[in-house]
Amino acid sequence: MTAATVAPRTPAGPALQLPAAPLALDTDVLIIGGGLAGTWAAVAAREAGARVVLVDKGWCGTSGVTAPAGPGHWWLPPDPEVRADAIARRHAAGLGLADAQAMQRAVEETWTRLPTLAPWYDYPRDATGAVQYRALRGPEYLRAMRARVLAAGVTVLDHAPALELLLRDDGSAAGARGLLRQPQPGHAAGSNWQIRAGAVVIATGGCAFRARLLGADTNTGDGYLMAAEAGAELSGMEFSSYHTVTPTWSSMTRAMSYAFARYFDADGRELDIPFSHDGMVALGRALDAGPVSCSLDRMPEAVREALPRISPNVLLSFDRAGVDPFRQRFAITLRGEGTVRGVGGLRHASADGETTVPGLYAAGDASSREPIAGAISGGGAQNSSWALGTGVWSGAAAARRALQRPLGAGEPLRAPGGAGLRPRKNGPAGLDAAGAIAAVQRETLPFNQSLYRDGPRLAASLDRLDALWQELRDHAGHAADASPTDRLRWREAAALAATARWCQGAALARRESRGLLVRDDLPASDPALAVRLHTGGLDARWTRYARAA
């Protein structure tokens, strides 16, 4: 633990429904997640005068999908015409579900905030000497954000996954509980932690369904589940079937290189595959018919030279395989990225990032990106600006709430965590956590299962997922002597199953094709359905339409 502004205090005692945790802290704002959105939220909350604790499932500064990437930002100069034109084009691409006002706020926040990182990040300069803020190097970006968080006086707990939220009697967020995967001063690995807070920001990232994507292994939908148990709603979960081209031997999903790709069938005939979501659907159908190979020979020399600096991991996978992608064809497949490159997440009930649970905020990929993406992928520059913007807004708002309504030392709290933590029945589950995770993956990751869908297949998938959820809810986590790793894996299995059910349920409920949702049985878009679809519930899932902002 990095010492800062929060001093350990005595746990609440008998008012809390769980045993006192060995590591107990009181603070104003708790940030769950230490990636791009979480670190910006922590900085903003400290700037607003709050005491802040940040807990990360991995190591803040290296975990999450930003760290291994080359993230660009939606970097637009404050020229009204330039910004209006860019926002209008992006708003139209959102197919009726985006929010121009939210886009404007994200663009402005990006323009204002990125330069403030200069004391911790060495921005490059162009040939004229102008500082280049738009594109950053992911590993250095996150390392700089960690340094900035610590300099701001935030307490950071690394390798400390959160397992459930804590709530006040009125249902508002009041902290969380989790476990320590590595020892902290005075606390052994495997110990529990409990942090009481006046407000909570969920910045746990999207859900990649354990697809082994670089940086995404911690993105298992934990924040969705914890928030839903507290009563939060989700939105846009039907737009969570984004797939990216990769070599068959690699899980390196970086789409930019494939803007220059050419594809060939097993007989060497070139396929007409555009660089778009429609192109990925066409590529999936071609893969259904047989092997497909790819060449990057059209990539301009200037881009080839810049690629190792922009995203060095891309070429590393080819080097290790002994393949020159610019001169040789290589076999490809499509890998699902779930809500990481999709859209869905926790629904904002206000412009400052608060969810439908008072005092609980959502930032970055943990929140729905419909305001900035609509029905298409938010991946890339817009996603980075959304993470930055929502991080700042939610962190500042959480601080204001916590300072205005601090948590009392003896205030009673309750813990709503269920599946994977508190089974409803005695006896072991019919499968282990790894088996449960594999069952979820069969429903969500194959491109021919989720890139294009139809009603009967969605209904059958939901039946299987509902049965799996019932098994997890009744039996998962029953062993009193379960190891910390077992406890975490069961909780992840429950989060993955819950997320898959919301995704498939929303896809079945939206009776059309729109953006990332391709329904073979309903191929047209319905103008009357240009509205957002909200979803939630655990044992009893629900969906409903609501007006787009």
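Coordinate-derived values only; no laboratory data. Values in this document were obtained by computation on a predicted structure and should not be read as measured data. Cβ atoms come from the backbone with ideal geometry, glycine included; neighbour counts cover every protein chain shown.
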Exercise. So how far, in whole Å, is the C-alpha centre of segment 320-391 from the one of segment 515-531?
Worked result: 21
For this session: Report the calculated FRET efficiency for F275 and E411 (r = Cβ-Cβ distance, R0 = 41 Å), to the nearest 0.05.
Result: 0.15
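On a full-extension model of 0.36 nm per residue, what is the gain between D474 and Q328, subtracting their alpha-carbon distance, rounded to one decimal in nm? Mind dumping the intermediate values first?
Numbers: separation 146, 0.36 × 146 = 52.56 nm, distance 5.21 nm.
In short, 47.3 nm is gained.
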Problem set entry | Inter-probe distance in nm under a simple model that places probes 7 Å from Cα toward Cβ, at A459 and R442 | 2.1
Exercise. Residue by residue, what Karplus-based ³J(HN,Hα) values in Hz, rounded to whole numbers, does segment 63-78 have, using 6.51, -1.76 and 1.60 with θ = phi - 60° and x for Gly and Pro?
Worked result: 8, x, 7, 6, 4, x, 9, x, x, x, 9, 7, 9, 10, x, x
For this session: Using per-residue counts of other Cβ atoms within 10 Å, averaged over each peptide, order 73-80, 132-139 from highest down.
Result: 132-139, 73-80
For this session: Determine the distance separating the Cα centre of segment 393-436 from the Cα centre of segment 261-293; give it in Å without decimals.
Result: 44
Seminar exercise, completed: Checked segment 346-485 with the C-alpha gyration tensor, a ≥ b ≥ c its square-rooted eigenvalues, rounded below a/c of 1.5, otherwise prolate if a/b is larger than b/c and oblate if not; verdict oblate
For this session: Could you tell me whether segment 66-192 comes out rounded, prolate or oblate from its Cα gyration tensor? Rule is a ≥ b ≥ c as square roots of the eigenvalues, rounded for a/c under 1.5, then prolate if a/b exceeds b/c, otherwise oblate.
Result: oblate
Exercise. Rounded to the nearest 20 Debye, what is the dipole magnitude of segment 400-517 about its Cα centre when Lys and Arg each give +1 and Asp and Glu each give -1 at the C-beta?
Worked result: 560
Seminar exercise, completed: Check: C-alpha center segment 163-194 vs C-alpha center segment 21-41, spacing in Å is 10
